[in-house]
Each structure stands twice: as structure tokens, then as C-alpha cells.
Amino acid sequence: MSHHDQGTPEPTTVVILGAAGRDFHNFNTVFRDDPRYRVVAFTATQIPDIDGRRYPASLAGGLYPDGIPIVDESGLDALIADEGIDVAVFSYSDIAHVDVMHLASRCLAAGADYWMLGGRQTMIRSTKPVVAVCAVRTGVGKSQTTRYVAQQLIDMGLKVVAIRHPMPYGDLEKQVCQRYAAYEDLDRYECTIEEREEYEPHIDSGVVIYAGVDYEVILREAEKEADVILWDGGNNDLPFYAADLFITLVDPLRPGNEAAYHPGETNVRMADVCIIAKCDVATPEAIAQVTESVRALNPRARIVEAESPVTVEHPELVAGKRVVVVEDGPTLTHGSMSFGAGVVGARQAGAAEIVDPTPYAVESIAATYVKYPNARGILPAMGYGAEQVHDLEATIDAVPCDAVVAGTPIDLTRVLSVSKPMTRARYNLRERIPGQLKEALAGIVTR
């Protein structure tokens with residue numbers, strides 16, 4: 001830490017390593033109004049085109065009249081050296097333990113300390129009961145679990161308000177606190193495909209959902225209309241709120257990941273309930289392996305086995321046909337999966353062939369395959385902006401196939417215009433032993 005020889009110590013200089021979400025929350029809860037720190041920059045990775053912006057002065061507080069720059073993570077080493085930065089604060093998710101430490105090595109070699117913030121400083125307390133749904137990796141099945149949990153709570157006669165982990169990829173000043181209750185809200189806030197994938201299913205279920213940038217402001221607004229707050233986690237991040245019931249999903253299609261990714265392992269260790277998802281498509285050996293791993297990490301957690309049955313809306317468009325499959329983007333990118341519900345549904349419906357779209361990919365979609373080669377063979381629903389949506393449409397139109405199977409959680413026809421018929425693969429959560437989650441939920445809402 002830098003100090004003058006006499007008088008007031010100079011503030012500790014900080015860079016926050018992020019991906020437009022957890023980084024802003026860590027700043028807001030720990031650094032924003034503390035004169036002991038001076039945050040020099042945020043870095044950005046994982047999400048396309050989120051660097052080159054500023055965290056605006058209106059959100060950054062009185063210590064930052066010019067806001068705070070957001071720069072690409074690739075320049076981290078030079079930034080630390082050039083600015084004499086004291087501390088680098090790791091603030092994003094779904095990253096292998098070994099990569100977390102490679103980043104640490106870069107920061108330490110450049111001269112900075114390396115911090116990771118825990119829950120005590122960053123989890124805000126609610127006046128209402130909070131149920132958190134988190135995971136060990138992106139693409140485990142949080143969406144259908146959150147919908148399922150919401151319905152259980154509604155069946156108990158409770159007003160549920162969901163709050164979604166942030167995806168503020170646009171104008172941050174307009175995204176401080178967003179409330180979604182109808183499709184019109186998705187258009188009004190100019191939502192990306194990734195945002196729609198998370199918000200639309202809640203709207204379909206009649207559940208109001210909040211998201212944005214300042215999660216203290218968001219929580220206080222949501223509490224005004226909620227009996228219970230449902231935290232809908234993103235990636236495998238920790239919840240932003242202290243949970244009364246902490247649910248973590250683990251993935252038997254990626255056994256071992258529950259102990260190999262940050263902060264997914266932390267979620268397992270903190271969980272009250274661990275749901276082993278996708279038991280209908282995983283091998284018994286993998287389910288047993290994951291069960292044993294969870295018991296070793298967290299012996300007190302209740303383990304619930306669940307399935308994610310897939311149904312294709314119009315199987316006649318798929319049976320005997322050549323199809324291209326579009327899957328949830330983050331599941332295939334930093335989630336590192338090579339298929340999702342769309343592939344499962346297409347096979348079940350008797351597709352003659354799942355056509356590889358890779359040779360027909362254009363512009364940003366082609367770049368996605370270069371960065372995430374595991375996604376080849378399937379089309380990730382990359383839609384972080386208008387250009388990517390256009391590239392996705394152009395790629396679909398170029399693929400020689402009869403139909404499109406969409407395995408994303410939304411109706412893609414609302415945002416894409418393509419020349420081929422499209423059908424959805426829908427998926428829900430089903431407990432192998434019904435009633436286990438309801439029992440766990442009843443324990444917190446009746447206290």
C-alpha cells in the first residue's frame with residue numbers, strides 16, 4: 001500500500017477484474033463511497049463488446065466525478081504496472097480454479113495484491129425471506145429450477161418476486177433498476193437475446209422479475225411487492241443477497257466440475273440443498289460420482305435428484321428431417337458444453353441429421369467458434385447486440401437444412417427473422433422424489 005511519510009495515507013489503488021455484473025456489485029458494496037480506495041478501472045472479459053465503456057459518474061458516487069473506465073482484460077498487466085495499482089480484485093464467475101490462479105500470477109508478477117471478496121461483505125440482507133438458486137457451472141438448469149421453485153412458492157399462496165443476476169451490457173445509466181412484468185418491458189429496455197432468455201420465462205409464469213446494476217436499490221424496490229425474494233443466479237456466481245435457503249445445482253454431465261470451478265465450489269459448500277440435475281440423461285456412474293463429491297464438500301446439504309424432460313413443440317417439423325440446433329449461448333461458450341436441450345429434443349423427435357452450422361457461420365458467430373471450439377456442431381444463440389442477431393440470422397439462413405430446433409428458454413421467433421420453420425425444445429424440472437423442494441421451502445417461509 002502506498003503511504004506518504006506524514007499525514008493522510010494515500011488511497012489504495014484498485015483494479016476490479018470483471019465481466020459486467022459481479023464487478024459492479026463488488027464496487028457498489030465494498031468500494032464506492034470509501035475514501036481509503038481509489039478504483040482506477042474495471043477490466044472486462046467473457047462478454048463481447050463490453051469494454052471501452054465507462055461506469056458512469058451517476059452510479060460511481062461522489063468520489064468518481066468522471067466515472068470509471070472499463071478496459072479489456074488483455075491489458076491488465078500493463079495497467080497494473082503503469083498505474084502502480086496496489087490491488088486487483090477478482091470479480092467474475094465460471095472460471096476454472098487453475099485459470100483463477102493464472103490471473104493471480106499475472107497480477108502478482110505485475111506488482112499487485114490479488115483479492116477475492118466473500119459473502120459477508122457483498123451479500124445484502126433483505127427484510128423478506130430469500131431463496132437463492134445457484135449452480136456449479138453455466139448451463140446446469142437454473143432457469144427451469146427457478147421457474148419450478150417460483151411455482152412451488154406461488155402454490156403456497158405467496159407473492160414471489162424474482163431478482164436476476166446482472167446482464168448490464170447496454171447503457172448502464174438506464175439499467176440501474178429494471179422491472180419486467182410484460183413482453184413490452186423487454187422491448188422497452190432493448191434486451192439482448194441472453195437477457196430475454198432469463199426474463200421471458202418468468203413473465204410467461206406471471207412472476208415479476210427485477211435486474212440491473214445497483215442491487216441494493218433493486219432489492220428495496222422488489223421488497224415492496226414481494227412476500228419472498230427469489231434470487232435467480234447467473235453463471236455459477238454467488239448470490240448478491242444473504243439467502244435463507246441456498247439451492248445449488250450440480251451437473252452429472254460434467255462430473256468433477258463441482259470441485260474445479262470458481263465460485264461454483266463455494267456454492268456447493270454453502271448450499272442447504274444440492275440438486276443433481278439432468279439425471280434423465282446422465283449415467284448412473286456420473287450421478288454417483290457427483291453425489292459422492294457433494295457429500296465430501298458439504299456433508300450437511302440435502303441432496304435432491306432431478307430430471308429435465310425435454311418436449312419439442314412441433315415434432316413433425318423434426319422427424320426424418322435435417323435440422324440445425326440453436327442452443328443457449330453461455331451454456332456453449334464459457335459453460336463449455338457441446339450440446340443442450342435442443343440436441344436432446346431433436347434426437348428424441350427423430351431428426352434424420354443435426355447439421356453442423358460451423359462451415360456456414362458468418363462474422364461474430366464464426367469468431368465464437370474460434371474462441372469456443374467445443375460449440376462446433378451446434379449454433380450458440382449469440383445475441384448481445386443487433387449485429388450479432390443479424391449474424392445469427394444469416395448463419396441460420398445459410399445452413400442447408402429443413403428446420404430449426406431452438407433449445408433456448410425463449411421464443412426466438414420474437415427476435416429472429418429466418419426463412420426456415422422453427423420449433424422450440426422446452427424443458428422443465430422434475431424431482432425424482434416429489435415434494436423434497438417444497439418441504440425445504442416450507443421451512444423458511446413459515447419461520
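Data for the structure
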item	result
In segment 96-106, the residues that are under 15 Å from Thr43 (Cβ atoms), open to solvent by 20 Å² or more (accessible area, probe 1.4 Å) and in contact (Cβ under 8 Å) with a residue 12 or more places away in the chain	Arg106
The one condition in (1) more than 21 Å from the chain's Cα centre (by Cα); (2) under 29 Å from His202 (Cα atoms) that Met337 fails to fulfil	(1)
Flag if Arg269 is of a type in the set (D, E, K, R) and either open to solvent by less than 10 Å² (accessible area, probe 1.4 Å) or at pLDDT 95 or above (or both)	yes
Single match in Phe24, Phe42 (criterion: modelled with pLDDT of 95 or more, under 17 Å from the mean Cα position of the chain (by Cα) and under 17 Å from Asp171 (Cβ atoms))	Phe24
Pair list, Cβ under 8 Å, 6 or more apart: segment 414-443 residue in contact (Cβ under 8 Å) with a residue 40 or more places away in the chain, other residue aromatic (Phe, Trp, Tyr) and surrounded by 14 or more Cβ atoms within 10 Å (Cβ to Cβ)	Arg414/Tyr183; Asn428/Tyr148; Leu429/Tyr148; Leu437/Tyr148
Asp51 of a type in the set (Asp, Glu) and modelled with pLDDT under 95	yes
Only one of Tyr148, Tyr169 that is of a type in the set (Phe, Trp, Tyr) and at pLDDT 90 or above	Tyr148
Per-region count, segment 175-206, residues farther than 29 Å from Ala60 by Cβ, free of Cβ contacts under 8 Å to residues at least 60 places away in the same chain and either in contact with a Lys or Arg (Cβ under 7 Å, 6 or more places away or on another chain) or open to solvent by less than 10 Å² (accessible area, probe 1.4 Å) (or both)	2
Whichever residue in segment 375-422 is surrounded by fewer than 18 Cβ atoms within 10 Å (Cβ to Cβ) and polar (S, T, N, Q) and, among such residues, is farthest from the chain's Cα centre (by Cα)	Ser419
Checklist (1) in contact (Cβ under 8 Å) with a residue 24 or more places away in the chain; (2) over 27 Å from Ala277 (Cα atoms); (3) of a type outside the set (A, V, I, L, M, F, W, C); (4) surrounded by fewer than 20 Cβ atoms within 10 Å (Cβ to Cβ) applied to Tyr372, failing item	(2)
Pairs where the first residue, in segment 134-151, is on the phi > 0 side of the Ramachandran plot and the second is outside any helix (DSSP H, G or I) and open to solvent by 10 Å² or more (accessible area, probe 1.4 Å), C-beta under 7 Å, 6+ apart	Gly139/Asp328; Gly139/Met337; Gly139/Gly340; Gly141/Lys278; Gly141/Ser308; Gly141/Leu429
Segment 107-125, subset open to solvent by 30 Å² or more (accessible area, probe 1.4 Å) and not aliphatic (A, V, I, L, M), residue nearest to Ala341 (Cα to Cα)	Gly118
Qualifying positions in segment 216-232 - open to solvent by 10 Å² or more (accessible area, probe 1.4 Å) and assigned to a helix (DSSP H, G or I)	Glu216, Val217, Arg220, Glu221, Glu223
Residues of segment 322-341 classified as modelled with pLDDT of 90 or more and either within 17 Å of Val250 (Cβ to Cβ) or open to solvent by less than 20 Å² (accessible area, probe 1.4 Å) (or both), total	4
Filter result for the condition that a residue is touching a Pro at 6+ places or on another chain (Cβ under 8 Å) and of a type outside the set (Ser, Thr, Tyr), over Asp251, Asp244	Asp244
Evaluation of Thr248 against (1) farther than 30 Å from Met101 by Cα; (2) in contact (Cβ under 8 Å) with a residue 24 or more places away in the chain (one fails), failing number	(1)
Criterion violated by Asp397 - all others in (1) in a helix (DSSP H, G or I); (2) touching a Leu at 6+ places or on another chain (Cβ under 6 Å); (3) farther than 16 Å from Ile247 by Cβ satisfied	(2)
Hits in segment 345-363 (condition: open to solvent by 30 Å² or more (accessible area, probe 1.4 Å), part of a helix (DSSP H, G or I) and of a type outside the set (Phe, Trp, Tyr))	Arg347, Gln348, Pro359, Glu363
Residues within segment 142-169 that are open to solvent by 10 Å² or more (accessible area, probe 1.4 Å) and part of a loop (DSSP other than H, G, I, E, B), tallied	6
Selected residue [modelled with pLDDT of 95 or more and open to solvent by 20 Å² or more (accessible area, probe 1.4 Å)] from Ala319, Ala301, Ala306, Ala366	Ala319
Asp66 being without any contact (Cβ under 8 Å) to a residue 60 or more places away in the chain and more than 25 Å from Leu238 (Cα to Cα)	yes
Those residues of segment 50-91 which are among the hydrophobic types (A, V, I, L, M, F, W, C), in a strand (DSSP E or B), under 18 Å from Pro35 (Cα atoms) and out of contact with any Ser or Thr (no Cβ under 8 Å at 6 or more places or on another chain), in sequence order	Ile68, Ala88, Val89
Whichever residue in segment 274-333 is assigned to a helix (DSSP H, G or I) and among the acidic types (Asp, Glu) and, among such residues, is nearest to Val131 (Cα to Cα)	Glu292
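The values are calculated or read from the model by the stated rules, or taken from the named source; none is laboratory data. Only a predicted model underlies this, so the values are computations on that prediction, with no experimental measurement involved. Ideal geometry is used to build each Cβ from the backbone, glycine not excepted, and the neighbour counts take in all protein chains shown. The accessibility values were calculated without ligands, DNA or RNA, using every heavy atom of the protein model including side chains. Shrake-Rupley method; radii C 1.70, N 1.55, O 1.52, S 1.80 Å.
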